[in-house]
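Quick note: the coordinates plus some simple rules give every number you see, no bench work behind them. Note that the structure is predicted; figures quoted are calculated from it, not measured. Cβ placement follows ideal geometry from the backbone for every residue including glycine, while neighbour counts extend to all protein chains displayed.
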Protein chains: 2
Amino acid sequence: MAKTHTPTPQSRGPSEHDIRDQIVEAATEYFGHYGYNKTTVSDLAKAIGFSKAYIYKFFESKQAIGEVICANRLSEITATVDAVTADTTSASEKLRRMFKALVDAGSHLFFHERKLYDIAAASASEAWPSVGHYEAHLKALVLDIVRDGREAGEFERKTPLDETANAIYLAMKPYINPLMLQYNLDNAAQHSSQLSNLILRSLAP
Amino acid sequence: MAKTHTPTPQSRGPSEHDIRDQIVEAATEYFGHYGYNKTTVSDLAKAIGFSKAYIYKFFESKQAIGEVICANRLSEITATVDAVTADTTSASEKLRRMFKALVDAGSHLFFHERKLYDIAAASASEAWPSVGHYEAHLKALVLDIVRDGREAGEFERKTPLDETANAIYLAMKPYINPLMLQYNLDNAAQHSSQLSNLILRSLAP
């Protein structure tokens, strides 16, 4: 005879989702305060009031939690970049705003949320998927902007689109990649603006 | 009555200079094999067959020895860059060759003389004068090339020379600075060539 009142997967789903969110939120705060590298899942469990085993039901490792934190933060940055670039029709202005928004977001993370910056740096260092997705999104955005600028007659059309977009991404990368940004924070706003000027001159028709 | 046969400073000079050279040469080999960070002046003294006190007569610290090793190696790289750029009259070609020579030298150091690369990285991290001089030399070279290219009608003349040269240096820097180069070694030759193309397009009259 079949048991009654067994929770169905459907009904457990949302609740599991909520608990995952709760763990990620608590972990963001905890890692943001004590640092990702110095914290264990046991420390985190104790702070949230869950057992370590219970957390492992939802995340297979500390890195799995770090991945979600990192992906959330990078999503916020790409949302900001998407918003500032959507707000103008000029391709040149889109490139300028994109670069500026990335430098601002990276600098803010470094100077005001250093412990979360360190998670992003770990992510870049160990090539977690979150940073891979982030870089792919930004590369695709550069390519879209250059293509639009070409179609609008704003940019030159003689060079191969892929190579040109990639070179622009490479020029921006020292201010995007957390491992490299730490060496470029002095005068980052001024330097990235000078690089924007160089990039835009290279795109002149 | 004055003593006779007291060595004059002049006669001691060359011999002190020789001993300094001898220490630097031995230290280059020793650090190159065992690593700079893991080696003490005592280890080095033992390997050379000098007393630690004797080495301290010539160098006030391990860093002072590292400085000379680093400066020597960076001088070799700038000599190579100077030679490859002197060999052509085209300013565009000078910039391309300069960038390529720097990427080749940095990659060689990383892959074949990793322990010496680590000294250069320490030098960049702690802002030793040797790396400061190196960067200043390369910045000045970029400025000279851009100025010559403007005078020859090869490059545009509308933008401020200083800012333009600085932006070019910034685009090259991830492949020059040892701390950043380590993150840019994948496809470094191809990527730096794409950046050269971007830089040269930005300089078109």
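Just a few scattered comments:
- Counting every C-alpha pair in chain B, the share spaced more than 27 angstrom apart comes to 43%.
- Across all directions, the shadow cast by the convex hull of the range B:133-205 built on its C-alpha atoms averages 4.9 square nanometres.
- Shape of the protein assembly as shown, Cα gyration tensor, a/c cut at 1.5: oblate
- Of the residues B:PRO160, B:PRO129, B:PRO174, the one that moves most in a GNM of chain B with alpha-carbon contacts below 10 Å is B:PRO160.
- Expected 222 nm ellipticity per residue - DSSP helices of 4 or more, -39500 (n - 2.57), all of chain A, to 500: -24500 deg cm²/dmol
- Treating each Cα of the range B:13-60 as one equal point scatterer and applying the Debye formula with no solvent, the log10 of I(q)/I(0) at q = 0.32 Å⁻¹ comes out as -1.31.
- Inter-copy label distances at B:ASP43 (7 Å, Cα→Cβ; nm, one decimal): 3.1
- Legend: mean number of C-beta atoms from other chains within 10 angstrom of residue C-beta atoms, peptide B:169-178, equals 4.
- One residue of chain A places its C-beta nearer than any other to the axis carrying A onto B; that residue and its whole-Å distance are A:SER202, 2.
- Normalised contact order of chain B, rounded percent, pairs of Cα under 8 Å and 6 or more residues apart: 21 percent
- With the simple spin-label model, which puts each label point 7 Å out from Cα in the Cβ direction, the A:ALA83 to A:THR40 separation comes to 4.0 nm.
- Of the trypsin sites (Lys or Arg not before Pro) found in the range A:10-112, the ones in coil according to DSSP and having at most 15 other Cβ atoms within 10 Å of their Cβ are A:LYS38.
- A label point on B:GLU60, set 7 Å along the Cα-to-Cβ line, lies at 5.6 nm from each of its counterparts in the other copies, closest listed first.
- The same position A:PHE111 in the other copies lies at 3.9 nm from this copy, comparing label points 7 Å beyond Cα toward the beta-carbon, shortest first.
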